[in-house]
Amino acid sequence: MNWNVKDIEVFEAEKAYIDTAVIPVVPVDFGKDIRVSAAQSEFINLLTMHLERQFKGRMMMTPSFTYRMSSLMDHVVSGLTKWAEELSESGVKHIFFLTADSRWKKVEDELGDRLIWLPSIPLENLDEQFKHSIMEDQVKQLLNVIVQKWQKNS
């Protein structure tokens, strides 16, 4: 389920069956790391789109949680944690943070097994069909991680 009115209406009506939310976590930089920021954003957004197709009806994709690459991670973790708390209060049982930014690995313990980090694959020079093929392969690997986390947290 995507973050749009039509899917949110279904979410509200079927809340008991939609127990998982994925928050894409994307850094933003307008300076020297602008390309890194854009590449990670493209990768995570495309991956999220494919993941949503795989889990339609079980999983809600939130808007991306964006933060400046120059921000202190303590502040960013605090903001992301608040998003997760609000989702939990709304009845979402499993919440995953999906990112390609390796700096999140340093604060992984603070996120309580919610972090899913994947190294970004450069997509800028690939044709659309090959991009989607790569994403399908990534989703297959991600499936195993998510199922393990579901089982661990149930």
TODO: Could you pull the Cα extents of region 1-50 along its three principal axes, largest to smallest, in whole Å?
DONE: 45, 16, 14
TODO: Under 11 Å from a label point 7 Å along Cα→Cβ of residue 123: give me every residue in region 16-60 with its amide N that close.
DONE: 39-51
TODO: Hey, can you grab everything whose amide H is under 5 Å from the amide H of residue 94? Only 5+ residues off in sequence or another chain; H modelled, so Pro and N-termini drop out.
DONE: 20, 21
Open item on the list: As a test of the formula, what do you get for the chain when each DSSP H run with n ≥ 4 contributes -39,500 (n - 2.57) and the sum is divided by the residue count, at 222 nm and rounded to the nearest 500 deg cm²/dmol?
Closed with: -16000 deg cm²/dmol
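Bear in mind that the values in this text are calculations on the coordinates, not laboratory data. From a predicted model like this one, the values you see are computed outputs, not experimental measurements. No Cβ is skipped: glycine too gets one built from the backbone with ideal geometry, and neighbour counts run over all protein chains shown.
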